[in-house]
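Beneath this line is the structure, given in structure tokens, with notes to follow.
The values are calculated or read from the model by the stated rules, or taken from the named source; none is laboratory data. From a predicted model like this one, the values you see are computed outputs, not experimental measurements. Note: ideal-geometry Cβ built from the backbone for every residue, glycine included; neighbour counts use all protein chains shown.
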Amino acid sequence: MDSMRADLIRGLETSLPTNFDREHFFALLVSGDVDGAEEYLSVFTTQDSNYYSNLMFYFVKRQRFFKFLVE
């Protein structure tokens, strides 16, 4: 699963016209700031922009759901 996410991030980075800081994005997700991660991602792309963007928004929303289940 981690290799799939790494491939997904690499694909997203290559498809975006600007520099996407994946360490910052992962730090937001790991710290539990799912809203911040989605906001950071939305600065660079939209959900329907391409396949990788769609998957990243899916993973962020899935993470939000898991966080909701734990709380």
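Looking only at region 29-39, residues that are among the hydroxyl-bearing types (S, T, Y) and assigned to a helix (DSSP H, G or I) come to 0 in all.
For every residue, the table says whether it meets (1) part of a helix (DSSP H, G or I); (2) on the phi > 0 side of the Ramachandran plot; (3) modelled with pLDDT of 85 or more; (4) loosely packed, with under 11 Cβ neighbours inside 10 Å.
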| residue | (1), (2), (3), (4) |
| --- | --- |
| L12 | yes, no, no, no |
| T18 | no, no, no, yes |
| A27 | yes, no, yes, no |
| L41 | yes, no, yes, no |
| D48 | no, no, yes, yes |
| L55 | yes, no, yes, no |
| F68 | yes, no, yes, yes |
